[in-house]
Each structure stands twice: as structure tokens, then as C-alpha cells.
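Presented below is the structure to which this report refers.
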Amino acid sequence: MKSESQTSIQILRQALAGQYPDMEYSRREMILRQMLFAPQNRMIKIDEGYRLSAEDLRFMTASFIEKTGNVFEGRQPVFENEEEKNQDCVEEYFGWLLKTTSVLKHLNDGFVSQEDAVERESFLKTVAEREKTLLVCLGLYESCLSEDGQDRARFVRYKIQKLREMCTSIQFLTRTGQDVETTRSEYDAAIPYYKYFKNLQRLPFGYDMPAEQKEKLGISHDDDEDLKEGDAGYVKILNEMLDEMCENEENFGQ
């Protein structure tokens, strides 16, 4: 499970370490810099017999993070093939929906127990960590000019939007703390949100509810600035890398 203080660059370091566990740290650092700053078609030497274009390496790293970073309930799945990996990314989303309806139900049934409070806080903490990794994936995918890269960007963008809807609902419709009573009015207020996420569970991945319904519930994240199409997410990653490099150079000169 990733720390809340972890940066995009630290997430990328962990991903490269997972992809190339036998490679020396200094070489992985060089590959990291090349992957981020090299032109799309620049060939990057992985080892003596293996080279990848910068774009392909960014795509593969994003895919690695997306498909092995499923931290829901601490699970790190093992897959037999790419089809299983892609399916798990969808199943993760439906797992979020199930947990969201569970939290909304348990924390608005008249009494918030210790178990209910733990369920709420664990879910919010876990998905906040997952969102960070998915934002890194989104930035890398959006940097790719390929159709595959743009398709995966749309896939990940949708997951982040829905994840934020779930978190917004839980944060505003459930109590913090434990051993507290909830009211009938709180129960009634939670019902439309519970039904909303129940309906999403019945729809295939990628289908959405009407924009008017999301706006009425006050949970829409369709227009979030960091989720708009473009390369802003990738530029943010580049700036983090540059900030770190500048800081290291300043510390070295002291």
C-alpha cells in the first residue's frame, strides 16, 4: 500500500523497479529520466538486446501501474495473460461500487459502530492512494500519440471520475467517528446516492448516468481540471521530476 505522501516520481520508481527488478538502481534512474524527457520515437536501451521507444516505455509503465497497482483491500493480483489483467481493471471498479453502497448503507442505518467507522476510513484511505497511481497512469497514457494510449487514457479518466463521485458521496453523507446514532433524515438523504451507485453496478463498464442526475446530487467530477483531455497530467509529472533534479543539484552544491 502506497503512502499518502508518495509523489508521482516515487510511484514511477516503484513501477520501474517492478518491471526491471534485477537492474541496478542507477540505470533505472537513467531510464526514468529518458522515459520522461525523450522524444516519442527515441529508442531507449533497456539492456544489450532490448530497446524501446520512449512512447512505448511510457505506455508499458502506465500499464504496469494500472494493472498491478490494484490496492483495493490490499490485493496484489497475479495474472495469466493480458485479457485477465484488463478484466481485473474493470472488476476493481465494480469492487469500488460494491464497497461504496456498503458504506452508505452501514453508516446510515441508525448507528455507526466501530466496525462501520473502520470500513469508512479504510475505504477512503485506500481509494485516495489508488487515485494517485491512476493519475500517474493517466498522465503517461495521455503523453502517447498512439490510439491504444488514448483509449487507455479514456478508460482511466472514467475510473477516476467515478471514484471521485463515490468518495464525495461518502464524505458528505456519512458520519466520522464511531458509537454515534444517525437520524432518519440522514437515512433519507443517503437513499438517492445509494440507488445511484446501485444502478451503476447494473450498467456495463463505461456507461454513465445522465449528467443532470449527477449535477442534482452534487457529485459530478466530469469537468475537473486535472481530468480534462490534454497533456496537463504529463506536464505535472515532468515538473515534479525537474523540481527533484534541481533540488538534488542544489543540495550537491552545498
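No value in this document is a laboratory result; all are computed from the given coordinates. What you see is a predicted model; the values in this text were computed from it and never measured. Heads up, the Cβs are rebuilt from the backbone with ideal geometry, glycines too, and the neighbour counts pull from every protein chain shown.
At-a-glance table
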{"read-out": "Tabulated pairs, the stretch 222-242, first part of a helix (DSSP H, G or I), second β-branched (Val, Ile, Thr), C-beta under 9 angstrom, 6+ apart or interchain", "value": "Asp226/Ile160; Leu227/Ile160; Gly233/Val136; Ile237/Ile9; Ile237/Val136; Glu240/Thr7; Glu240/Ile9; Met241/Ile9"}
{"read-out": "Unmet criterion (only one of (1) surrounded by 14 or more Cβ atoms within 10 Å (Cβ to Cβ); (2) under 17 Å from the mean Cα position of the chain (by Cα)) for Leu238", "value": "(2)"}
{"read-out": "Failed item in (1) farther than 19 Å from Thr101 by Cβ; (2) touching a Pro at 6+ places or on another chain (Cβ under 8 Å), with Ala153 passing the rest", "value": "(2)"}
{"read-out": "Selection count where residues are under 14 Å from Thr176 (Cα atoms) and under 14 Å from the mean Cα position of the chain (by Cα), scope the stretch 92-148", "value": "3"}
{"read-out": "Candidate set from the stretch 132-190 (those that are under 30 Å from Asp56 (Cα atoms) and among the small types (Gly, Ala, Ser)); member that is surrounded by the fewest Cβ atoms within 10 Å (Cβ to Cβ)", "value": "Ser146"}
{"read-out": "Members of the stretch 149-160 that are of a type outside the set (A, V, I, L, M) and under 10 Å from the mean Cα position of the chain (by Cα)", "value": "Arg157, Lys159"}
{"read-out": "Answer from Met30, Met43, Met35 - the residue that is without any contact (Cβ under 8 Å) to a residue 60 or more places away in the chain, under 14 Å from Met241 (Cβ atoms) and surrounded by fewer than 16 Cβ atoms within 10 Å (Cβ to Cβ)", "value": "Met30"}
{"read-out": "Pairs, first surrounded by fewer than 17 Cβ atoms within 10 Å (Cβ to Cβ) in the stretch 96-115, second part of a helix (DSSP H, G or I) and of a type in the set (Ser, Thr, Tyr), C-beta under 9 Å, six or more apart", "value": "Lys105/Tyr194; Asp109/Tyr187; Gly110/Tyr187"}
